[in-house]
Amino acid sequence: MAAYIAGRLIALVPVLFGLSLIVFTIMALIPGDPATAILGSYATPENVERLNRELGLDRSLPVQYATWLGNVVAGDLGQSTSLNRPVLDEVMERFPATLILAGAALVLASVLGLLAGIVSAVRQYGLADKLVTLAVLVGISMPSFWLGLLLILAFSVRLKVLPVSGMYAIYGGGDAADLLRHLVLPATTLAIVAAGIIARLTRSAMLEVLRQDFIRTARAKGLPERRVVFVHALRAALVTVIPVIGVQAGFVLGGAVYIETVFQWPGIGRMLVDAISTRDILLVQGGVLVVAASYVLLNLVADVLQRLMDPRIGA
Amino acid sequence: MATIRGTLAALAGAIILALAPLHEATAQVPDDVLVVGQIAEPASLDPAVATATNDFRILINLYEGLVRYRPGTLEVEPALAESWTISDDGLVYTFTLREGVTFHDGSPLDAAAVTFNFDRMLDPAHPAAATGPFPLSFFFSAVKTVEAVDARTVRFTLNEPFAPFLSNLAYPTGLIVSPTAVTERGKEFGRNPVGTGPFRFKEWQGNRQVTIERNPDYWGEEAKLQAVVFRPITDPNTRAAEMLSGGIDVMVEVPPDALAQFQGFESFAVHEQAGPHLWFLILNTRSGPLADKRVRQAVNLAIDKEAIANELLQGTAVPAKGIIAPAFEWAHDPALLGYPHDPERARALLKEAGADGAELTLLVAEGGSGMLDPVAMGTAIQADLAEVGLNVSIETYEWNTYLATVNPGLEGKGDMAEMAWMTNDPDTLPYLTLRTEALPDKGGFNSGYYSNPEVDRLLEDARRTTDPARRAELYRQAERIIVDDAPWAFVAHWRQNAVTTDAVKGFSLQPSFFLLLAGVSKG
């Protein structure tokens, strides 16, 4: 297992290298440059040239990339042109927020999705199954930013029970309860779609498992149904479901871009959008690398879990 | 099934727990603390580095310049300098500094501090030059030397007469920072600002809030509020929701749709103020149908500016008649007629020019600084022009791409292009965009290739004239010629807006678009 994990981690290096090269090339190819973005109305060719020189952007692209790569190896992600601070500082400040939001959403989506999937599998074609299927369909089809605004309108503007946006209260906040209050709406919004997909998959996996011989044996032995479903069947079904949850981690991280904007969550998704529109290449690089690395790592965790749970996949 | 029930119960319990203490938390913002919903996280709180209005809203409360705009106007009045003289040739400006002013870090504001500020921006060899880049330092490119004559006297010598100099000193780029703090903090100064203003910096929590508090040692009248919290809330709908739910006291840049909603509530006050902004179409005067002045005038006559300002933008803009916004009260020409909406006359002019049914391309931006609602406005203009028999096809670009396309000139790309500018002096816009010397290949923004020697001469003269009345007259003369030549279609001036709760007192918007909060109170 250790060798497997080490192998996967080593494989992360070329993935990130290739990704950074692609991101850098795309950012270099799209028209516009940081100096124009900073100067706005005042972007005369003369001013742009002067500012680009001061920002070190007048060198050739390969030189810029090579310099950046050299610095990254030394642990320096460079300086953000739009925020006037080191990329690493900004990314480190924002990444935990995204991790908290995406993590909470993923946990919520898994719990909701698994429960809904199990219920509808056990009660196949029953009322609960139909309700769950309908809810899943609605959840999957709803644009998440729109759902977010609806939730804000209902719970924050009308009912006034939850804060509209942000991560902590302005005064006197900062504790776990405060964070949790701010987390409820964005995490729920983000979790809905993923929960729907997990529910669908859990349902079909459970249905398949429940038809198998070992379940019949378990039931014949007189085990209580609860034990049959939650221990024997679920464990077998999870082998199929866990990799899907791993993939959902990617969707949740991607969806965070919209959700962070709607809820003004101080995470990395919103940062990436702003960085792209200001042509802040190094900030985009830094953000993408962190998101990509965490996506790969989450999938690795999912794969490891799957291996641990499924005796058929050799360790 | 008991497990499911158990889990659900635990979940519900967690949610209730989370909701319960909310009211205590929101009630904790004290009465003398104002919470402002901004449109973005500031990029820098170093005035020499910052370029965005969003940042200026904070800066203007922390720092002061030698001069400032008199509240409610774009005319300069004394600030850190209590008086000044200008030499007859317009080359030497001598300022006398106010006595006994100190920075928030306790260091004195003296002539040496002022020279440090300008040398830092203008001299690449200055020890603090590395705290840049300073994107707008060209505001002071006319400055040859800055000297400390004595502790309270500063002398600026210019390369050539440059009348907008005083107005530029009042612009945020001219705000005075503490040399001690810059030297100590280096590049980190932008996140640890130190000025002389009525508020001093307290803390900056990245992407969450910037807090400033009352400066108890302020030389002038003390700020009424104990503190102001600036929160970045990028999405306008979320900003409006925060306002409705009581999360913020002041909201800037209210979208037109939400503005109407706030106007219906008694518990909110809507503030509006037209600013030094112009939204216009650049017309290609060099080639194509618009090379004919009559066709350009027809375009101006065909566009229903009232409908765009009042209906489409729901009153968040006023129709434009020329290039000088009414916010420049001292230079604005109230007698200017501009182009009223007159499709009849437009059709006649087109017929006369033989341009009936001409095909035109309009370049449209998807968004961008000061661009209002560019896609909808482009479509409205397309419809207005179709009305008089001009067939317009639209090409839409993302903002940065758009600038990179339009700024080098319209030739080969389109006949018309949307553009918007916000300036602090009536000189800036025509000087950078309508002179022969400002053609794209000469490094300017004259993307429509307008050239009129008479206008060139008037603009140069105005820039060399230090007497405001005489300057104003030169701008009015230039504007009359420009409006008649119609190198642009003059469309609208943006009306900046803000919503406050009715508890906020003493709040007003400035034509400069700055947010002055020293006189504001709450509760």
Tally, over segment B:222-239, of residues that are more than 9 Å from chain A (Cβ to nearest Cβ) and either surrounded by 20 or more Cβ atoms within 10 Å (Cβ to Cβ) or not in a loop (DSSP other than H, G, I, E, B) (or both): 6
Considering each residue of segment A:116-134, count those that are hydrophobic (A, V, I, L, M, F, W, C) and touching a residue at least 24 places away in the same chain (Cβ under 8 Å), and give that number. 5
Restricting to segment B:407-424, give me the number of residues that are crowded, with 24+ Cβ neighbours inside 10 Å, charged (D, E, K, R) and part of a loop (DSSP other than H, G, I, E, B). 1
Subset of segment B:349-363 (residues that are farther than 17 Å from B:Trp421 by Cβ and in contact with a helix residue (DSSP H, G or I) (Cβ under 7 Å, 6 or more places away or on another chain)): B:Leu349, B:Leu350, B:Glu352, B:Ala353, B:Ala355, B:Asp356, B:Ala358, B:Leu360, B:Leu362
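Determine whether segment A:44-56 contains at least one residue that is in contact (Cβ under 8 Å) with a residue 24 or more places away in the chain and within 14 Å of chain B (Cβ to nearest Cβ).
The answer is yes; a qualifying residue exists.
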List every residue pair whose Cβ atoms sit under 8 Å apart, with the two residues 6 or more apart in sequence or on different chains, where the first one lies in segment B:281-305 and is farther than 18 Å from B:Asn391 by Cβ and buried (at least 24 other Cβ atoms within 10 Å of the Cβ) and the second, anywhere, is β-branched (Val, Ile, Thr) and at pLDDT 95 or above. B:Lys305/B:Val491
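Kindly indicate which of A:Leu253, A:Leu283 is within 13 Å of chain B (Cβ to nearest Cβ) and surrounded by 21 or more Cβ atoms within 10 Å (Cβ to Cβ).
On the way: A:Leu253 fails: within 13 Å of chain B (Cβ to nearest Cβ).
Every option except A:Leu283 fails the conditions.
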Within segment A:65-121, which residues are in a loop (DSSP other than H, G, I, E, B), crowded, with 19+ Cβ neighbours inside 10 Å and more than 11 Å from chain B (Cβ to nearest Cβ)? A:Leu77, A:Gly78
Which residue is surrounded by the fewest Cβ atoms within 10 Å (Cβ to Cβ), if the candidates are limited to segment A:180-205 and must be among the β-branched types (Val, Ile, Thr) and within 11 Å of chain B (Cβ to nearest Cβ)? A:Val184
Cβ-Cβ under 6 Å, sequence separation 6+ or interchain: first residue in segment A:142-168 and at the interface with chain B (Cβ under 7 Å from one of its Cβ atoms), partner of a type in the set (Val, Ile, Thr) and part of a helix (DSSP H, G or I). Which pairs? A:Leu162/A:Val184; A:Val164/A:Ile152; A:Ser165/B:Thr238
It is to be established whether one or more residues within segment B:99-107 are assigned to a strand (DSSP E or B) and among the aliphatic types (A, V, I, L, M). no
Sole residue being aliphatic (A, V, I, L, M), under 23 Å from A:Leu162 (Cα atoms) and within 10 Å of the chain's Cα centre (by Cα), chosen from A:Val252, A:Val247, A:Val291, A:Val262: A:Val252
If we scan segment B:171-185, do we find a residue that is assigned to a strand (DSSP E or B), without any contact (Cβ under 8 Å) to a residue 40 or more places away in the chain and over 16 Å from B:Asp119 (Cα atoms)? no
Looking at segment B:383-392, can you tell me whether even one residue there is surrounded by fewer than 22 Cβ atoms within 10 Å (Cβ to Cβ), under 20 Å from B:Arg286 (Cα atoms) and of a type in the set (Asp, Glu)? no
Modelled with pLDDT of 90 or more and closer than 15 Å to B:Leu166 by Cβ, is that true of B:Ala48? no
What residue, of A:Ala28, A:Ala37, is assigned to a helix (DSSP H, G or I), more than 16 Å from B:Val406 (Cα to Cα) and touching a helix residue (DSSP H, G or I) at 6+ places or on another chain (Cβ under 8 Å)? A:Ala28
What number goes with the only condition from (1) surrounded by fewer than 20 Cβ atoms within 10 Å (Cβ to Cβ); (2) more than 14 Å from chain A (Cβ to nearest Cβ); (3) closer than 22 Å to B:Gly288 by Cα; (4) touching a residue at least 40 places away in the same chain (Cβ under 8 Å) that B:Gly448 does not pass? (1)
Modelled with pLDDT under 90 and in contact with a Lys or Arg (Cβ under 9 Å, 6 or more places away or on another chain): which single residue out of A:Ala37, A:Ala43 fits that description? A:Ala37
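So for segment A:139-157 (the condition being part of a helix (DSSP H, G or I), under 28 Å from the mean Cα position of the chain (by Cα) and either outside the structural domain of A:Ala249 (by TED's automatic domain parsing) or within 18 Å of A:Val244 (Cβ to Cβ) (or both)), does at least one residue qualify?
Scanning segment A:139-157, I find at least one residue that is part of a helix (DSSP H, G or I), under 28 Å from the mean Cα position of the chain (by Cα) and either outside the structural domain of A:Ala249 (by TED's automatic domain parsing) or within 18 Å of A:Val244 (Cβ to Cβ) (or both), so the answer is yes.
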Here is a list: B:Thr396, B:Thr405, B:Thr379. Which entry is under 17 Å from B:Ile308 (Cβ atoms) and of a type in the set (S, T, N, Q)? B:Thr379
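The values are calculated or read from the model by the stated rules, or taken from the named source; none is laboratory data. All figures in this text were calculated on a predicted structure; none of them were measured in a lab. Note that each Cβ is placed from the backbone with ideal geometry, even for glycine, and that neighbours are counted across all protein chains shown.
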